[in-house]
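Everything below concerns the one structure shown next.
The values are calculated or read from the model by the stated rules, or taken from the named source; none is laboratory data. Remember, predicted model here, so these are calculated numbers, not experimental data. Heads up, the Cβs are rebuilt from the backbone with ideal geometry, glycines too, and the neighbour counts pull from every protein chain shown.
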C-alpha cells in the first residue's frame, strides 16, 4: 500500500459506511445507533486508481480518560498519528456541531493533511451544512454520499491534491522473475501414493479468538502484540466488530481476529448485538484455528460448551484457553478439575488441547501458541490410502461391523478425500445401515492410531459401484 488514511468524525456521521464503500466489502458494522464502532479497524481500500490502507475509527466524544468514550478517543488519536491523511467526515444534513469544531481544532494541531468530507450531501437541505464546513478552516469540503457512492471521483481528486502525485502514485517496483520447478512428483509425474505432504511451517495462520463477553479476548491479543491495540476495560461487551491484527511469532505471520462476546441466543435481543454475533460467526468460518477463551474462575458455563460445539460443527481446529489464571489460588486442584471436566463435557473433541493462561500477566502465551500450531498441523494432516486401508482391515478384525437385519456389513475400501478438517470416505455395502456407534468407533480409532486429537473428523460412507447392475436390468 502507498499511504494510510484515517476516517475520523463525531458519532453517526457515516464513517463506517464510507469505510465499507472504499474497501468494497461490508466489513464494518453499520447501524443508525450512534457509537457502533469502538476499535479502530484497518482495511485495504481502492478508489478509482488509488490503492491505500484505510483505518475506520470510533466517533469522537470528549470524556474522562478512564471512561469508555475516553479510551475510544485515545484509540482514534493513535490512528490519526499513524495515518498520512485524515478524512474528517461531517454530516451535511445535520450541519456543524460544537463537537465538529473541537475535532477540527485537534486535527489542526496535528499538522497533517486533512480533507473535510461532507457526507449525506444527497439529502434535501444539505447545502447549508456543506457551506458551513468552510468555517472550519480546513479547506474546501468534498460533498459525497457514502451510502449511494456519489462524489467518489471528487474525493479521489482531493486525496491526490492533498498528498501530491508522487506520494499518491509511487513508482512501481519491477517484479523479479522466479524459477518455477516443473519437475514431476513421483514416477510419471504423479505423487506417490505413500507420500504424505509435509506441513508448511512458513504459511500465514489465521486464528480467531472467541468466547463469552468479558472473558479477556481483547486483553489477550493486546498482550500478544505488546501494545494497547484493542479497546479493553471492565465493561462487558466492549468489542463489537471482528478486528483483525497481524504479528509475527517465531518468524511466522499470525493473523488474529478479535470477536464480540457471544451470549446465549435467547438473551441476544438488540439488533446491534445480533450483528456483532453474526460478524463473530463469519470470523470463525474465515479462520483456520479458533481459540475458545474460558474464564478460569467460572469455567464450563453452558454457553462455553455451545461455543465449542459450534466451532467443531464448522470444521475448525479448536484450542481451549483458560484465561485469568492469575486469579486462581489452588493451581493443582483447579487444573485437575478442568482436565476431568474437559474430557467429560466435550466427548466430541476428545484430546482437545487446553492451556491455562493469563492475558493480564502474559502467563502461558508461548504454550498457547505452540498448542495452536500443533492443532493446525493435525487439522491439515493427510494420510496415505495404503495406510488407511491397512488400518481399516485391522479395525474390522478387532471389532467387525455389526449385522443389520441379519446381513453383515462389508467395509471394502477407505481413502482420505480432504483435509482442513480431515475427511474420509469408506466404500461399503448399505452405507445407510451403518450404525452411529460404529462410526464413533472408527472416528475414535482414527484419533488414537493416527494422533489426531481435538479436531473434527468427518467419515462418509458410499456404496461401491456394481459393474453387473446394468446386465441384471437387461435380464429383467
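For the stretch 78-86, the count of residues that are crowded, with 21+ Cβ neighbours inside 10 Å, assigned by TED's automatic domain parsing to the domain that holds residue 142, part of a loop (DSSP other than H, G, I, E, B) and touching a strand residue (DSSP E or B) at 6+ places or on another chain (Cβ under 7 Å) is nonzero.
Yes or no: residue 6 under 18 Å from residue 229 (Cβ atoms) and within 25 Å of the chain's Cα centre (by Cα)? Answer is yes for this residue.
Could you list, in sequence order, the residues of the stretch 256-296 that are under 30 Å from residue 329 (Cβ atoms) and out of contact with any strand residue (DSSP E or B) (no Cβ under 9 Å at 6 or more places or on another chain)? Within the stretch 256-296, 263, 264 meet the criteria.
Restricting the stretch 369-380 to residues that are closer than 30 Å to residue 233 by Cβ and touching a strand residue (DSSP E or B) at 6+ places or on another chain (Cβ under 6 Å), which is surrounded by the most Cβ atoms within 10 Å (Cβ to Cβ)?
Filtering the stretch 369-380 for residues closer than 30 Å to residue 233 by Cβ gives 369-372.
Those left that are additionally touching a strand residue (DSSP E or B) at 6+ places or on another chain (Cβ under 6 Å): 369, 371-372.
Details: 369: 20, 371: 21, 372: 24.
Of everything passing the filter in the stretch 369-380, 372 is surrounded by the most Cβ atoms within 10 Å (Cβ to Cβ).
Taking the conditions exactly as written (within 33 Å of the chain's Cα centre (by Cα) and crowded, with 19+ Cβ neighbours inside 10 Å), does residue 366 satisfy them or not? So residue 366 does not fit the description; no.
Scanning for something in the same structural domain as residue 121 (by TED's automatic domain parsing), assigned to a helix (DSSP H, G or I) and in contact with a helix residue (DSSP H, G or I) (Cβ under 7 Å, 6 or more places away or on another chain), does the stretch 55-67 turn up at least one residue? Working first, answer last.
Here is the first cut: in the stretch 55-67, the residues in the same structural domain as residue 121 (by TED's automatic domain parsing) are 55-67.
If we keep only those that are assigned to a helix (DSSP H, G or I) too, we end up with none.
Within the stretch 55-67, not a single residue is in the same structural domain as residue 121 (by TED's automatic domain parsing), assigned to a helix (DSSP H, G or I) and in contact with a helix residue (DSSP H, G or I) (Cβ under 7 Å, 6 or more places away or on another chain).
Within the stretch 69-83, the residues that satisfy the criterion of being at pLDDT 90 or above and either in contact with a helix residue (DSSP H, G or I) (Cβ under 7 Å, 6 or more places away or on another chain) or closer than 19 Å to residue 136 by Cβ (or both) are 80, 83.
Which ones in the stretch 410-425 are exposed (fewer than 14 other Cβ atoms within 10 Å of the Cβ) and in a loop (DSSP other than H, G, I, E, B)?
If we filter the stretch 410-425 for residues that are exposed (fewer than 14 other Cβ atoms within 10 Å of the Cβ), which is where we start, we get 410, 412, 417-418.
Selection gives 410 alone.
Please list, ordered by residue number, the helices (runs of 4 or more DSSP H) wholly in the stretch 99-168 having 3 or more residues that are buried (at least 18 other Cβ atoms within 10 Å of the Cβ). Explain how you work it out, then say what you get.
Working: elements: 127-132, 152-163, 165-168.
Result: 152-163.
Exactly one residue out of 345, 338 is surrounded by fewer than 18 Cβ atoms within 10 Å (Cβ to Cβ), assigned by TED's automatic domain parsing to the domain that holds residue 223 and within 30 Å of residue 296 (Cβ to Cβ): that is 345. In the stretch 246-268, the qualifying residues are those that are within 23 Å of residue 54 (Cβ to Cβ) and in contact with a helix residue (DSSP H, G or I) (Cβ under 6 Å, 6 or more places away or on another chain), and the one that is surrounded by the fewest Cβ atoms within 10 Å (Cβ to Cβ) is 247. Residues that are touching a helix residue (DSSP H, G or I) at 6+ places or on another chain (Cβ under 7 Å), under 29 Å from residue 82 (Cβ atoms) and at pLDDT below 90: does the stretch 106-120 have at least one? Looking for residues that are touching a helix residue (DSSP H, G or I) at 6+ places or on another chain (Cβ under 7 Å), under 29 Å from residue 82 (Cβ atoms) and at pLDDT below 90, one finds at least one in the stretch 106-120, hence yes.
Checked against (1) free of Cβ contacts under 8 Å to residues at least 24 places away in the same chain; (2) under 32 Å from the mean Cα position of the chain (by Cα), residue 53 passes all but condition (1).
Rundown of residues vs (1) under 20 Å from residue 283 (Cα atoms); (2) modelled with pLDDT under 75; (3) more than 22 Å from the chain's Cα centre (by Cα); (4) not assigned by TED's automatic domain parsing to the domain that holds residue 356, yes/no style:
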site	(1), (2), (3), (4)
185	no, yes, yes, yes
213	yes, no, no, no
222	yes, no, no, no
227	no, no, no, no
231	yes, no, no, no
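The single condition from (1) farther than 30 Å from residue 231 by Cβ; (2) touching a helix residue (DSSP H, G or I) at 6+ places or on another chain (Cβ under 9 Å) that residue 166 fails is (2).
Table: residues versus (1) at pLDDT below 95; (2) out of contact with any helix residue (DSSP H, G or I) (no Cβ under 7 Å at 6 or more places or on another chain); (3) surrounded by 15 or more Cβ atoms within 10 Å (Cβ to Cβ); (4) within 27 Å of residue 352 (Cα to Cα).
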| residue | (1), (2), (3), (4) |
| --- | --- |
| 427 | yes, yes, yes, no |
| 431 | yes, yes, yes, no |
| 434 | yes, yes, yes, yes |
| 437 | yes, yes, no, yes |
| 447 | yes, yes, yes, yes |
| 451 | yes, yes, no, yes |
| 463 | yes, no, no, no |
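Take residue 238 and decide whether it is assigned to a loop (DSSP other than H, G, I, E, B) and under 20 Å from residue 284 (Cα atoms). Judged against the criteria, residue 238 is a match.
Residue count for the stretch 276-306 satisfying the condition of being surrounded by fewer than 18 Cβ atoms within 10 Å (Cβ to Cβ), in a helix (DSSP H, G or I) and touching a residue at least 60 places away in the same chain (Cβ under 8 Å): 2. Could you list, in sequence order, the residues of the stretch 8-29 that are buried (at least 17 other Cβ atoms within 10 Å of the Cβ) and in contact with a helix residue (DSSP H, G or I) (Cβ under 8 Å, 6 or more places away or on another chain)? Within the stretch 8-29, 8, 9, 10, 21, 27, 28, 29 meet the criteria.
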